[in-house]
Every structure is written in C-alpha cells, then in structure tokens.
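Participant: The following block contains the structure, expressed as structure tokens.
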Amino acid sequence: MLNRNEAERAAANFLAEASKTWGASSNVRIDHECCFTDQGQFIAPYNHVEFLDHGREEMQLGGNLPVAVDLSTGACRFITLAEADDFMARDLL
C-alpha cells in the first residue's frame with residue numbers, strides 16, 4: 001500500500017511523462033493542496049505552473065482530468081469524465 005508521499009511522487013512522474021507531448025501546456029505540476037484519497041485511489045489534480053506559482057489566471061487549465069494512483073498497485077492513469085462528474089457531485093473536485 002502506497003502512502004501519500006509515494007502516491008504523489010507516482011502521480012508527478014506519470015504526469016511528467018504524459019505531458020511531454022502537450023506543447024505549451026506541458027509545463028504542469030500536481031496541485032498538492034487539491035489532492036485527496038477516495039476508494040483506494042489517490043486523486044491528484046494538476047495545473048499549469050504559471051497559474052500555481054504566480055496566479056496567472058490566463059494560464060489556468062480547464063477540463064483537464066486529474067491523475068489517479070491505485071494505492072495498492074501504484075498504477076497511474078487519468079480519471080474518466082464519469083469519475084470527474086462523481087467527484088464534482090461530491091464536492092471533491
């Protein structure tokens with residue numbers, strides 16, 4: 001079972017690899033303050049570094065799906081739209 005730090009590191013590594021092909025949007029980072037655990041998964045929202053570090057609202061991403069880390073296996077993926085809807089309905093996102 002991964003602890004929070006291990007899950008956050010796994011999510012950050014997954015995001016860094018996945019975002020390499022995103023062009024200007026590839027300068028992203030996990031938003032540590034918005035991460036949470038739900039049903040055996042660590043959910044890690046992310047945003048553009050310019051928004052996170054400098055508050056540049058024009059750089060804030062919209063519609064991006066957080067990274068989910070399975071706490072038992074360490075497997076990472078982006079959440080689905082249905083999962084995002086569920087998290088939003090429960091005020092988690």
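Participant: Within segment 1-15, restricting attention to residues that are open to solvent by 80 Å² or more (accessible area, probe 1.4 Å) and charged (D, E, K, R), which residue is farthest from the chain's Cα centre (by Cα)?
Facilitator: Selected residue: Arg4.
Participant: Turning to a different aspect of this structure: I'd like the residue in segment 24-34 that is open to solvent by 50 Å² or more (accessible area, probe 1.4 Å) and not in a helix (DSSP H, G or I) and, out of all such residues, is farthest from Thr73 (Cα to Cα).
Facilitator: Across segment 24-34, the extreme among qualifying residues is Asn27.
Participant: I'd like to check something: does segment 16-23 contain any residue that is in contact (Cβ under 8 Å) with a residue 12 or more places away in the chain, part of a helix (DSSP H, G or I) and more than 13 Å from the chain's Cα centre (by Cα)? Reasoning before the result, please.
Facilitator: Going residue by residue through segment 16-23, those that are in contact (Cβ under 8 Å) with a residue 12 or more places away in the chain are 18.
Among the residues that remain, those that are also part of a helix (DSSP H, G or I) are: 18.
Imposing the further condition that a residue be more than 13 Å from the chain's Cα centre (by Cα) reduces the set to none.
No, that holds for no residue.
Participant: So Asp85 fits all but one of (1) assigned to a strand (DSSP E or B); (2) loosely packed, with under 15 Cβ neighbours inside 10 Å; what number is the exception?
Facilitator: (1)
Participant: Scanning segment 35-54 for residues that are free of Cβ contacts under 8 Å to residues at least 12 places away in the same chain and part of a helix (DSSP H, G or I), which turns out nearest to Asn64 (Cα to Cα)?
Facilitator: Of segment 35-54, the ones free of Cβ contacts under 8 Å to residues at least 12 places away in the same chain are 39, 51, 53-54.
Then keep just the ones that are part of a helix (DSSP H, G or I); that gives 51, 53-54.
Numbers: Phe51: 14, Asp53: 18, His54: 19 Å.
So, considering only residues that are free of Cβ contacts under 8 Å to residues at least 12 places away in the same chain and part of a helix (DSSP H, G or I), the one nearest to Asn64 (Cα to Cα) is Phe51.
Participant: In segment 35-69, which residue that is modelled with pLDDT of 95 or more and open to solvent by 50 Å² or more (accessible area, probe 1.4 Å) is farthest from Asn13 (Cα to Cα)?
Facilitator: Here the residue is Gln39.
The values are calculated or read from the model by the stated rules, or taken from the named source; none is laboratory data. The structure displayed is predicted, hence computed values, not measured ones. All Cβ positions, glycine included, derive from the backbone under ideal geometry; neighbour counts span all protein chains shown. Ligands, DNA and RNA are excluded from the accessible area calculation, which covers all protein heavy atoms including side chains. Shrake-Rupley method; radii C 1.70, N 1.55, O 1.52, S 1.80 Å.
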